[in-house]
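First comes the structure, then the notes that go with it.
The values are calculated or read from the model by the stated rules, or taken from the named source; none is laboratory data. The structure presented is a predicted model; accordingly, all values stated were derived computationally and were not measured. Reconstructed Cβ throughout: ideal geometry from the backbone, glycine too, with neighbour counts over all protein chains shown. Just so you know, the surface numbers come from the protein's heavy atoms only, side chains and all, with ligands and any DNA or RNA stripped out. Shrake-Rupley method; radii C 1.70, N 1.55, O 1.52, S 1.80 Å.
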Amino acid sequence: MIKVDNLSLTYGRGDRRVVVLRDLSFHLNVGEFVTIVGRSGSGKSTFLDLIMGLIQPTSGTIERRKKNLSIGYVFQRPALLPWRNVLRNIYLPLQISGISREDRRRMAMEALEKVGMGYAAHYLPFQLSGGMAQRVAIARALVQDPDLLLMDEPFSALDPMLRENMNVNLLRLWQRTGKTILFVTHSIDEALILSDRIVLLEEGKFLKEFEVDIPRPRGYETFRTERFTELNRIVRAHLPIQPNMPRIPSEDEDGVSDE
Amino acid sequence: MLRNIFLKGLGFAGFMLSIWLAWHLIISIFAPPAWLFPSPSMVYQRFTELWEVEALQPHLRITATEIVIGYLLGIAGALLSGYPISQIRLLEKVLTPYLIAANSVPLVAFAPLLILWLGNGIEAKIVVAALIVFFPATISTITGFHAQSPIYKRLMRSLRASKLQRFLYLELPSAVPGILAGMKIGAPLAVVGAVVGEFLGTGLGLGHLILEANGLMDTPQLFVAIILLGMIGIVFYMLIMALEQILLGPWHNKKRR
Ligand SMILES: Nc1ncnc2c1ncn2[C@@H]1O[C@H](COP(=O)(O)OP(=O)(O)O)[C@@H](O)[C@H]1O
Ligand SMILES: [Mg+2]
């Protein structure tokens, strides 16, 4: 669906030059769920913005294997316009692309049903909890029935219990709709439960890629399986140690890093 | 909602009642002569006398016209100049100091000049009112158009909204609280502007009625004019509050996501 070759992005010039992404190559297949994991500041959002076409790369190419590939984008915060009710927030993308009033109402309602919030069509954003608001944001990204869904840490502001719940619901949604999803998180648990493939991004470079061979369908119980725990350890072992965090050796190791 | 309006109405009635009581109290304790401090009943009597011979209505009409037109012109000017200023950084940098300076100059001091230039008709008074509404309302409008948070800009960009769509769906609605704040500040200023204009010129208007009453030592008439002005101010303010309620509705003052 998408093929990225030797993508680099640099801000500024001369002394102020900041290399945000360097020489990334990447591909995304139709129907795949791929997650990019990286620390804050590693360039994850910038990468999604490039895929979305919001910014242009300094060098390299992004090839879209379909004409007029449509993309939905979910941000870390729901970004619902506070003066519009839920339904009108969801049909904003349709309104912008000039769809008639009747059609956009119907399509928005369908999208809202997909995230299980049909009852909340006429709520105003301030009446929604964090999880509900983010589900509305997902419905807004789905309303144009995009080929690809970009999700930038959509659940990181939610508490852990709710987050698991949102993960499982997103899995169901993905299975039902067959969307291609490129997801960004800094939670390895979240990446493992959701994706087919995990890509580690560190300081603008792809460090490593993992296939997640945990069988589907996955659910709450998957968090407790052996394979999940094992993969979790393997992925963590490839994460660089935080440079500014002193590491305290545990009792069963003598300072040699094997984390 | 209804309960809220009811409570506000009750509070307002209580406020008026206590003024009325205090007024009576002053009269009964100090027993001042009528030319110094007339009693409520004397003022009311003077009001009905003047009203019956149609001595108030033309003044009321003129002053209300000056206030409303001056106000609308001032606000329209603020909207038309506030938006471009907020969008063009250079313009804003250059103009903001002057806007703030103009706002701290007592603009009513220009009223004699305006009367000199525009004559003693209704026009000069409208311009005085418009002018003192204009500056604070412009500053408020500019602030309003800066109020949108970056996350919404990012949303609009990702949805490929055109410039016009961005204005209609994001910039204008986000600016509404700022614009309304300017409108609220402007309402009493328009009243001040119109009355000061009338003080300077001869002719019609409640301001003129005040001067005339003062000259004739007709203190009850003075009170009538002052109370009418106060009532114009209150009605005006309530209209703007109603507009605010309609435009901002329930999301007003609520946390945003
Ligand atoms: N417009 C910009 N100008 C300069 N540097 C930027 C700009 N946008 C992002 N960056 C830098 O790019 C890096 C990656 O940012 P980002 O993609 O937001 O990271 P992440 O989403 O992984 O937290 C950060 O170090 C950030 O400071
Ligand atoms: Mg980010």
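Numbers below:
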| item | result |
| --- | --- |
| Selection within the stretch A:24-49 - away from ligand 2 (no atom under 13 Å from the Cβ) and under 15 Å from the mean Cα position of the chain (by Cα) | A:Leu28, A:Gly31, A:Glu32, A:Phe33, A:Val34, A:Thr35 |
| Any hit, the stretch B:101-117, residues being in contact (Cβ under 8 Å) with a residue 40 or more places away in the chain and under 20 Å from B:Ile240 (Cα atoms) | no |
| Criterion (among the hydroxyl-bearing types (Ser, Thr, Tyr) and either in contact (Cβ under 8 Å) with a residue 60 or more places away in the chain or touching a Ser or Thr at 6+ places or on another chain (Cβ under 7 Å) (or both)) met by exactly one of B:Ser140, B:Ser162 | B:Ser140 |
| Tally of residues being within 14 Å of chain B (Cβ to nearest Cβ) and away from ligand 1 (no atom under 16 Å from the Cβ) across the stretch A:140-169 | 9 |
| Count of the stretch A:18-37 residues which are under 27 Å from A:Pro217 (Cβ atoms) and open to solvent by less than 40 Å² (accessible area, probe 1.4 Å) | 9 |
| Test result for A:Gln134, within 14 Å of chain B (Cβ to nearest Cβ), touching a helix residue (DSSP H, G or I) at 6+ places or on another chain (Cβ under 9 Å), in contact (Cβ under 8 Å) with a residue 12 or more places away in the chain and within 16 Å of ligand 2 (Cβ to nearest atom) | yes |
| First in the stretch A:170-196 and more than 14 Å from chain B (Cβ to nearest Cβ) and assigned to a strand (DSSP E or B), second anywhere and more than 16 Å from ligand 2 (Cβ to nearest atom) and open to solvent by 50 Å² or more (accessible area, probe 1.4 Å), Cβ under 8 Å, 6 or more apart | A:Thr180/A:Asn29; A:Thr180/A:Val30 |
| Evaluation of B:Ile234 against (1) in a helix (DSSP H, G or I); (2) over 25 Å from B:Gly9 (Cα atoms); (3) without any contact (Cβ under 8 Å) to a residue 40 or more places away in the chain; (4) of a type in the set (A, V, I, L, M, F, W, C) (one fails), failing number | (2) |
| In the stretch A:205-259, residue modelled with the lowest pLDDT [restricted to those that are over 23 Å from A:Ile36 (Cα atoms) and surrounded by 10 or more Cβ atoms within 10 Å (Cβ to Cβ)] | A:Glu253 |
| Test: residue in the stretch B:134-148 that is at pLDDT below 85 and over 15 Å from B:Gly186 (Cα atoms) | yes |
| Residue within the stretch A:54-67 that is within 16 Å of ligand 1 (Cβ to nearest atom), of a type in the set (Lys, Arg), in contact (Cβ under 8 Å) with a residue 60 or more places away in the chain and out of contact with any Phe, Trp or Tyr (no Cβ under 6 Å at 6 or more places or on another chain) present | no |
| Some residue of the stretch B:150-160 being within 14 Å of chain A (Cβ to nearest Cβ), under 30 Å from A:Val74 (Cβ atoms) and not in a helix (DSSP H, G or I) | yes |
| Residue, nearest to the other protein chains (Cβ to nearest Cβ), within the stretch A:75-91, restricted to residues that are assigned to a helix (DSSP H, G or I) and more than 21 Å from the chain's Cα centre (by Cα) | A:Arg88 |
| Helices (runs of 4 or more DSSP H) contained in the stretch B:1-105 and holding at least 3 residues more than 27 Å from B:Val176 (Cβ to Cβ) | B:2-30, B:40-52, B:57-87 |
| Qualifying residues in the stretch A:53-84 (those that are within 13 Å of ligand 2 (Cβ to nearest atom) and under 10 Å from A:Leu150 (Cα atoms)) - the one surrounded by the fewest Cβ atoms within 10 Å (Cβ to Cβ) | A:Phe75 |
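Here's the yes/no breakdown for (1) in contact with a Ser or Thr (Cβ under 9 Å, 6 or more places away or on another chain); (2) within 16 Å of ligand 1 (Cβ to nearest atom); (3) without any contact (Cβ under 8 Å) to a residue 12 or more places away in the chain:
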site	(1), (2), (3)
A:Gly14	no, yes, yes
A:Val20	yes, yes, no
A:Asn29	yes, no, no
A:Ile36	yes, yes, no
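Yes/no matrix, rows are residues, columns are (1) within 14 Å of chain B (Cβ to nearest Cβ); (2) in contact with a helix residue (DSSP H, G or I) (Cβ under 6 Å, 6 or more places away or on another chain); (3) assigned to a loop (DSSP other than H, G, I, E, B); (4) within 30 Å of A:Val4 (Cβ to Cβ):
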{"position": "A:Gly98", "(1), (2), (3), (4)": "yes, no, yes, no"}
{"position": "A:Arg104", "(1), (2), (3), (4)": "yes, yes, no, no"}
{"position": "A:Leu112", "(1), (2), (3), (4)": "no, yes, no, no"}
{"position": "A:Gly116", "(1), (2), (3), (4)": "no, no, yes, no"}
